[in-house]
Amino acid sequence: MNLATAELTPKLWPQVELLFGKTGACGGCWCQAWRIEKGEDWKKVKGAVAKERMRSGILNGTTLGIIAFDGKKPIGWCTFGPRDSFSRLNRARTLKCTDSSQVWSLPCFFVIRGYRERGVARAMLKQALKAMTAKGARIAEGYPSKPNKDGKYIAAFSWTGTISLFEKAGFTTAGNEQGSKRRVRKQLRPPAKRKGARDGRGG
């Protein structure tokens with residue numbers, strides 16, 4: 001495998017479209033599940049509407065992400081951005097925090113079959129952290145899924161990444177440790193000095 005990663009640009013939309021295919025990566029999601037607003041009906045969003053939202057977000061620069069390639073073939077995707085741009089995160093009771101405006105999130109990973117468990121997600125996470133730091137992010141946050149009792153992950157439920165993926169990148173638990181999706185964090189820059197600020201732990 002000739003693995004390479006690239007930060008998303010509008011010119012890469014055709015590669016994203018090829019990577020996600022007709023199913024939108026998973027069930028017509030097109031990486032919009034965390035972005036839906038309160039009161040929206042997901043059944044009416046997924047599919048064509050979600051695809052157009054993703055395309056528009058990439059073209060206008062509001063959707064950020066990393067694409068992985070094997071040579072010229074797109075094989076993986078992860079998205080990142082200010083936590084408040086993923087509105088569903090702040091509505092998720094178990095994933096709430098007190099300082100969401102200071103946090104950048106990494107809520108979604110997608111690697112096509114045949115390339116999983118080969119370091120693709122790890123390479124995308126590394127590139128994403130560099131991009132986030134360059135954009136001024138101070139805190140990176142992820143939401144890895146828990147493994148089964150036998151320690152294995154089911155691909156369909158691991159789209160937020162795995163605990164080992166984030167731990168190896170230096171993330172530590174910040175909340176919801178016993179839940180189906182743990183909340184983990186990594187400090188990218190020294191915390192801003194704010195009188196009376198809280199650290200966002202809990203949940």
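Return the only residue of Leu18, Leu59, Leu12 being in contact (Cβ under 8 Å) with a residue 12 or more places away in the chain, over 17 Å from Ser105 (Cα atoms), in contact with a Phe, Trp or Tyr (Cβ under 8 Å, 6 or more places away or on another chain) and open to solvent by 20 Å² or more (accessible area, probe 1.4 Å).
Matching residue, one of Leu18, Leu59, Leu12: Leu59.
For (1) charged (D, E, K, R); (2) at pLDDT below 95, each residue gets a yes or a no:
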| position | (1), (2) |
| --- | --- |
| Leu19 | no, no |
| Arg53 | yes, no |
| Phe86 | no, no |
| Arg113 | yes, yes |
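What number of residues in segment 39-55 are open to solvent by less than 60 Å² (accessible area, probe 1.4 Å) and either touching a residue at least 24 places away in the same chain (Cβ under 8 Å) or within 18 Å of the chain's Cα centre (by Cα) (or both)?
The number of residues fulfilling the criteria is 2.
Look at segment 168-203 and say how many of its residues are at pLDDT below 60 and open to solvent by less than 100 Å² (accessible area, probe 1.4 Å).
Here the count works out to 6.
Any idea which residue in segment 24-38 is farthest from the chain's Cα centre (by Cα), counting only those that are open to solvent by 30 Å² or more (accessible area, probe 1.4 Å) and over 9 Å from Trp159 (Cβ atoms)?
Step by step, filter segment 24-38, then rank; the result is Lys38.
Any residue at all in segment 133-148 that's of a type in the set (Ser, Thr, Tyr), open to solvent by 80 Å² or more (accessible area, probe 1.4 Å) and closer than 23 Å to Lys186 by Cβ?
The answer is no; no qualifying residue exists.
With the condition kept exactly as written, say whether any residue in segment 96-113 is within 19 Å of Gly27 (Cβ to Cβ), open to solvent by 30 Å² or more (accessible area, probe 1.4 Å), in contact (Cβ under 8 Å) with a residue 60 or more places away in the chain and not in a helix (DSSP H, G or I). Show your work before the answer.
So the first thing to find is which residues in segment 96-113 are within 19 Å of Gly27 (Cβ to Cβ), and the list is 107-113.
Keeping just the survivors that are open to solvent by 30 Å² or more (accessible area, probe 1.4 Å) gives 110, 112-113.
Now drop any that are not in contact (Cβ under 8 Å) with a residue 60 or more places away in the chain, which leaves 110, 112.
Restricting the remaining residues to those that are not in a helix (DSSP H, G or I) gives 110, 112.
Checked segment 96-113: at least one residue is within 19 Å of Gly27 (Cβ to Cβ), open to solvent by 30 Å² or more (accessible area, probe 1.4 Å), in contact (Cβ under 8 Å) with a residue 60 or more places away in the chain and not in a helix (DSSP H, G or I).
Within segment 56-89, take every residue that is among the small types (Gly, Ala, Ser) and in a strand (DSSP E or B) and give me the one that is farthest from the chain's Cα centre (by Cα).
Going through segment 56-89, the residues among the small types (Gly, Ala, Ser) turn out to be 56-57, 61, 65, 68, 71, 76, 81, 85, 87.
With in a strand (DSSP E or B) added as a condition, the list becomes 65, 68, 76, 81.
On the way: Gly65: 8, Ala68: 14, Gly76: 12, Gly81: 8 Å.
That would be Ala68.
Within segment 19-33, can you find the residues that are touching a helix residue (DSSP H, G or I) at 6+ places or on another chain (Cβ under 9 Å) and closer than 15 Å to Pro74 by Cβ?
Phe20, Gly24, Ala25, Trp30, Cys31
What's the number of the condition Ala156 fails, among (1) at pLDDT 95 or above; (2) within 24 Å of Met54 (Cα to Cα)?
So Ala156 meets the others, but not (1).
Kindly indicate whether Trp34 is part of a helix (DSSP H, G or I), touching a Leu at 6+ places or on another chain (Cβ under 7 Å) and over 23 Å from Glu117 (Cβ atoms).
Numbers: part of a helix (DSSP H, G or I): no; touching a Leu at 6+ places or on another chain (Cβ under 7 Å): yes; over 23 Å from Glu117 (Cβ atoms): yes.
So Trp34 does not fit the description; no.
The values are calculated or read from the model by the stated rules, or taken from the named source; none is laboratory data. Given the structure is predicted, the values throughout are model-derived calculations rather than measurements. Positions of Cβ are generated from backbone atoms using ideal geometry, with glycine treated the same way; all protein chains shown enter the neighbour counts. For the accessible areas, the whole protein counts, side chains as well, though only heavy atoms, and no ligand, DNA or RNA atoms are used. Shrake-Rupley method; radii C 1.70, N 1.55, O 1.52, S 1.80 Å.
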